[in-house]
Amino acid sequence: MNVKEPWQITSTEFDLTSEKLNIWIDFTRGSKFPCPKCGKLNCSVYDTKEKVLRHINYFQYSTYLHCRIPRIECEKCGVLQIKVPWAREKSNFTLRMEAHILELSKRMPVLQIGKLLGENDTKLWRVINHYTDNARSKEDLSDVCVVGIDETSCKKGHEYITLVVDIKDSKSNICFVKEKTLRLFTSFNKDLQDHNGKQKQH
Ligand SMILES: [Zn+2]
């Protein structure tokens, strides 16, 4: 894990009964931090907030990081929470743990990962959705020229899942929508345009 100056591990504790490893990380008193918005150096700490993050297991021990995350005061931008090198803002997990969750999600259902890690699957979905939404928003569809539509009814007469597939590259699903075909075209056209694709009328 990336713990560098002014951060340091101040204490560790093994809880043998609950098989938990607790690690406390803190910054050196009087430290200054850059503004997360404009990058201005040496901003003073305004206040701190205690945060607990789940980290990857240490042997059979579930590992938790306890840290005081400072908010700094920037003359230009106001009071803002700084970025720490080991976690995303608002996440309940460290970056290493998020990478582990994403790896597991390629091999097993999220509900099963939840049982394996002893975590609520809603929290896990939040991580997976964050990274997949991010990847989707960067996708470039400018080379797509012929698409195929495949409609499957999930529950007869009720919900439909429709896949739009790039015919030239049959392995790549472009779009996955829970809608009937006619309505899907509106969603797909928008998706295509959002990702640099062009629509041609025949
Ligand atoms: Zn600033």
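Every number here is computed from the coordinates shown, using simple stated rules; none is lab data. Just so it is clear, the model here is predicted, and its values are computed rather than measured. Please note: Cβ atoms are built from the backbone with ideal geometry, for glycine as well, and neighbour counts cover all protein chains shown.
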Residues (more than 16 Å from the ligand (Cβ to nearest atom), more than 21 Å from the chain's Cα centre (by Cα), surrounded by 12 or more Cβ atoms within 10 Å (Cβ to Cβ) and not charged (D, E, K, R)) located in the range 20-60: Leu21, Asn22, Ile23, Trp24, Ile25, Phe27, Ser31, Thr48, Tyr58
Residue match in the range 2-19 (condition: under 24 Å from the mean Cα position of the chain (by Cα) and exposed (fewer than 14 other Cβ atoms within 10 Å of the Cβ)): yes
Answer from Pro6, Pro70 - the residue that is under 30 Å from Ile128 (Cβ atoms) and of a type outside the set (A, V, I, L, M, F, W, C): Pro70
Count - residues of the range 35-80 that are outside any loop (DSSP other than H, G, I, E, B) and either of a type in the set (S, T, N, Q) or more than 30 Å from Thr17 (Cβ to Cβ) (or both): 17
Scope the range 1-34; condition assigned to a strand (DSSP E or B) and within 16 Å of Phe59 (Cβ to Cβ); matching residues: Thr12, Glu13, Phe14, Asp15, Lys20, Leu21, Asn22, Ile23
Count of residues meeting criterion [in contact with a Leu (Cβ under 8 Å, 6 or more places away or on another chain) and among the hydroxyl-bearing types (Ser, Thr, Tyr)] in the range 1-43: 1
Options Arg96, Arg126, Arg88; residue that is assigned to a loop (DSSP other than H, G, I, E, B) and within 13 Å of the chain's Cα centre (by Cα): Arg88
